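Working notes, beginning with the structure itself.
The values are calculated or read from the model by the stated rules, or taken from the named source; none is laboratory data. From a predicted model like this one, the values you see are computed outputs, not experimental measurements. Cβ placement follows ideal geometry from the backbone for every residue including glycine, while neighbour counts extend to all protein chains displayed.
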Amino acid sequence: MKIYELFKQKRPVLSFEVFPPKPSLSFDSVFESVSTLASYKPDYVSVTYGAAGSTRGRTLDLAQMIKIKYGVEALAHTTGVLLDEVQLDKLLDEIDIRGLDNILALRGDVPQGGSDADLKFHASDIVRLIRKREGRFCIGVAAFPECHPQSKSVEDDLKYLKQKLDTGADFMVTQMCFDNELILRFRDRVRQLGITQPMTIGIMPVFAVGQIAHISSMCGAVIPDELKQTMEKYSDDSASMLKAGIEFASKQITDLIAQDFEGIHIYTMNRPELAHGILVQTGLRNL
């Protein structure tokens, strides 16, 4: 099934993000987590793509397993880092052969020790290449409520987003953002540009102080005062931090659903307990 068809349903589209094991680790390390997450009946599960394609084969293996073994639609992340057009086309062939219908087209990041020369494709270039396959794939792209860290301005960032969607992307998934006011303003700006594709909001449950400080510094997400105070309060109490993080994410999601957002995308970090807590508190699924 193409993910764009899921947005025709009346309820918000629910999705999870998972990541494949590093090449040095066994797939057994993720089987239990993915199996449990699939039992929560998300509409689809996205599978990340390691830096410089380091987990490319495992990304596709895991996405295929999610679709075939668990009967849940999969969204395979894809970047063009260190690939030329012929190689990228071969990657699309492999995705096609595996029976996967959905791709999240990402520019990707410069690999460690690399340079901008390693980034031969913008996300819009990848979308254009996929679109040559005449509707074979549903295409998602990334959106940034707080602006991509490398964009010169909000205006430039929105221009790039519109370019990706005008080129043929079907929907967008946002980077994590902890402030719903920023998300609402972002949606207003996007719709004012005439962009009509569905927007799914990425939600990162905070379960450890160090984890969120590191991730937010990489993507530029601002941590609201309420969340900062929670992190300070439970900096030495991991169990309470986990509970409070789930509560914060659940409140955020409940508000977003009330604001008629089309989808919610939970960055699970391969931890089913995060998704379970959120689903129970928001009522997105009956568990």
Query raised in the report: Mind checking which residues of the stretch 128-172 are over 21 Å from L88 (Cβ atoms) and of a type in the set (D, E, K, R)?
Result: E146, K152, E155, D156, D157, K159, K162
Query raised in the report: When only residues in the stretch 228-287 that are among the acidic types (D, E) and touching a residue at least 40 places away in the same chain (Cβ under 8 Å) count, which is surrounded by the most Cβ atoms within 10 Å (Cβ to Cβ)?
Result: E262
Report task. Among the candidates I203, I183, I195, I212, single out the residue that is surrounded by fewer than 20 Cβ atoms within 10 Å (Cβ to Cβ) and of a type in the set (V, I, T). Result -> I195
Query - Residues (part of a helix (DSSP H, G or I) and either surrounded by 22 or more Cβ atoms within 10 Å (Cβ to Cβ) or among the hydrophobic types (A, V, I, L, M, F, W, C) (or both)) located in the stretch 68-77 - result: I68
Requested in this report: All but one of (1) at pLDDT 95 or above; (2) within 29 Å of R271 (Cβ to Cβ); (3) in a helix (DSSP H, G or I) hold for V173, so report the exception by its number.
Outcome: (3)
Requested in this report: Quickly run through the stretch 36-53 and pick out the residues that are polar (S, T, N, Q), touching a Pro at 6+ places or on another chain (Cβ under 9 Å) and not in a helix (DSSP H, G or I).
Outcome: T48
Query - Options S29, S15, S24, S33: the member that is assigned to a strand (DSSP E or B) and either of a type outside the set (V, I, T) or modelled with pLDDT of 95 or more (or both) - result: S15
Query - From V222, V190, residue being within 20 Å of G140 (Cα to Cα), in contact with a Leu (Cβ under 8 Å, 6 or more places away or on another chain) and either of a type in the set (V, I, T) or surrounded by 15 or more Cβ atoms within 10 Å (Cβ to Cβ) (or both) - result: V190
Requested in this report: Spot the failing condition for K90; the list is (1) under 20 Å from the mean Cα position of the chain (by Cα); (2) under 24 Å from K2 (Cβ atoms); (3) part of a helix (DSSP H, G or I), and only one is missed.
Outcome: (1)
Query raised in the report: Of all residues in the stretch 147-161, which are part of a helix (DSSP H, G or I) and either basic (K, R) or in contact with a Gly (Cβ under 9 Å, 6 or more places away or on another chain) (or both)?
Result: K159
Requested in this report: Tell me which residues, restricted to the stretch 168-182, are of a type outside the set (G, A, S) and either in contact with a strand residue (DSSP E or B) (Cβ under 6 Å, 6 or more places away or on another chain) or under 18 Å from H77 (Cβ atoms) (or both).
Outcome: D170, F171, M172, V173, T174, Q175, M176
